[in-house]
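*Asks:* Encoded as structure tokens, here's the structure I'll be asking about.
None of the figures in this text is laboratory data; all of them are computed from the coordinates on show. Source: prediction; values computed, not measured. Here Cβ is always computed from backbone atoms with ideal geometry, including for glycine, and neighbour counts include all displayed protein chains.
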Amino acid sequence: MKHFPYGILITTLFILMLIMPKAVFNGAAEGLLLWYQVVFPTLFPFMLITGLLMATGGLNLISRIFSGLFRRIFRVSDNGTFAVLAGFLCGYPMGAKVTADLMRSGRISFQEGCYLLSFCNNTSPVFILNFIVWKTFGREDMAFPTLVILILSPMTLSFLFRKFYLKGQNFFPCPDTGKKSYSRLDFSTLDTCMMNSFESIVKVGGYIILFSVLITLLDELPGNHPLILAVSPLLEVTNGIIMLNTSIDNFSLCYPAVLALTSFGGLCSVAQTQCMLQGTGIKMLPYIAEKLAAAGAASLMAAVYLYITG
């Protein structure tokens with residue numbers, strides 16, 4: 001009986017899809033185009049190259065370059081440095097994927113994996129500048145403060161989160177799993193990393209299509225129920241930002257709301273993150289709470305910035 005509410009929910013969704021097949025088609029087509037035109041060319045190359053870096057030992061070179069600085073700031077291990085870079089530069093769900101890959105290969109501990117996930121799975125700077133600053137708001141003067149707020153909010157919270165995960169240690173240690181074996185850079189290694197990347201990017205695309213269909217179905221429902229208006233932007237970040245910008249005329253209210261949603265990432269990014277973490281043992285509820293905290297911090301910083309600058 002505990003699964004009965006889920007059965008009702010899925011049955012209701014199935015009925016809505018039968019009643020509104022055109023909305024389902026349009027939503028799936030929009031999600032597919034978003035994945036094909038934006039997400040695939042943006043994420044797939046990074047998924048492939050990060051897999052090659054970990055397979056061939058290139059991860060060690062990056063760790064040597066950045067580990068000194070990142071260990072002082074974030075208290076991560078040398079290998080954890082790579083997850084910080086990927087999480088802030090490559091966009092959802094690369095931070096989660098790299099963290100999970102490092103855990104599965106024994107390069108970081110479970111506690112460090114939980115800590116890295118708490119602040120290293122974020123929207124990419126390219127998306128922030130191109131879609132939010134230039135396309136949505138059309139205000140180049142907001143580029144620098146928007147980047148700073150969306151990067152600084154999870155970084156600031158990392159100082160709080162690590163108190164729960166370090167458990168009295170000064171730094172996260174690298175697990176002593178013996179000598180790591182690396183592969184040669186040949187077509188066999190490339191093929192393995194490519195297939196792993198294809199599997200991950202197809203999963204991401206599936207979730208984008210699913211949530212695009214849900215958004216379209218909600219839009220087709222009669223009336224403007226406040227609950228629907230509140231839930232719809234939370235489903236998927238790209239469509240959610242457009243909805244917020246369209247429905248909130250006051251920039252002083254719209255800007256903090258958009259930054260909060262961008263920092264949270266939407267429920268679609270939560271689903272993508274969960275699929276990347278399969279087999280790691282990391283629970284999603286702490287991650288969701290940490291992302292909501294980052295969303296609140298980003299919204300507060302945005303509101304304070306607008307108040308100070310007049």
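*Asks:* By count of other Cβ within 10 Å, fewest leading, how are Ile49, Ile149, Ile15 ordered?
*Replies:* Ile15, Ile49, Ile149
*Asks:* Report the Stokes-Einstein translational diffusion coefficient (µm² s⁻¹, integer) for the stretch 1-159, Rh taken as the Kirkwood radius over Cα pairs, at 25 °C with viscosity 0.890 mPa s. Present the calculation step by step, with values, prior to reporting the outcome.
*Replies:* Details: Rh = 18.2 Å.
In µm²/s, the coefficient rounds to 135.
*Asks:* Next question, about the same structure. Under 25 Å between C-alpha atoms is the cut-off here; go through the chain and count lysine pairs that meet it, provided they're at least eight residues apart or on different chains.
*Replies:* Lysine pairs satisfying the spacing and distance rule in the chain number 17.
*Asks:* Short version: what are the Cα gyration tensor semi-axes of the chain, square root of 5 times each eigenvalue, largest first, in whole Å?
*Replies:* 33, 25, 19
*Asks:* For each of Tyr36, Tyr305, count neighbouring Cβ atoms within 10 Å of the residue's Cβ, then give the residues from fewest to most. All intermediate terms of the calculation are to be shown ahead of the outcome.
*Replies:* Details: Tyr36 12, Tyr305 17.
With the fewest neighbours first, Tyr36, Tyr305 line up as Tyr36, Tyr305.
*Asks:* Round to the nearest 0.05 the FRET efficiency obtained for Val38 and Leu306 when R0 = 30 Å and r is the Cβ-Cβ distance.
*Replies:* On the way: r = 28 Å, r/R0 = 0.95.
With a Förster radius of 30 Å, E is 0.60.
*Asks:* Taking θ = phi - 60°, what integer Hz values does the Karplus form 6.51 cos²θ - 1.76 cosθ + 1.60 yield along the stretch 22-37, in sequence order, with x for Gly and Pro?
*Replies:* Computed from phi, the couplings for the stretch 22-37 are 5, 5, 4, 4, 5, x, 5, 5, 5, x, 5, 5, 4, 5, 6, 8 Hz.
*Asks:* Express in nm, to one decimal, how much length is gained between Met194 and Asp249 on full extension, taking 0.36 nm for each residue of separation and deducting their alpha carbon distance. The partial results should precede the final answer.
*Replies:* On the way: separation 55, 0.36 × 55 = 19.80 nm, distance 4.47 nm.
Contour length minus the Cα-Cα distance gives 15.3 nm.
*Asks:* Who wins for biggest fluctuation among Leu150, Leu277, Leu129 in a Gaussian network model of the chain, springs between alpha carbons below 10 Å?
*Replies:* Its mean-square fluctuation being the largest, the pick is Leu129.
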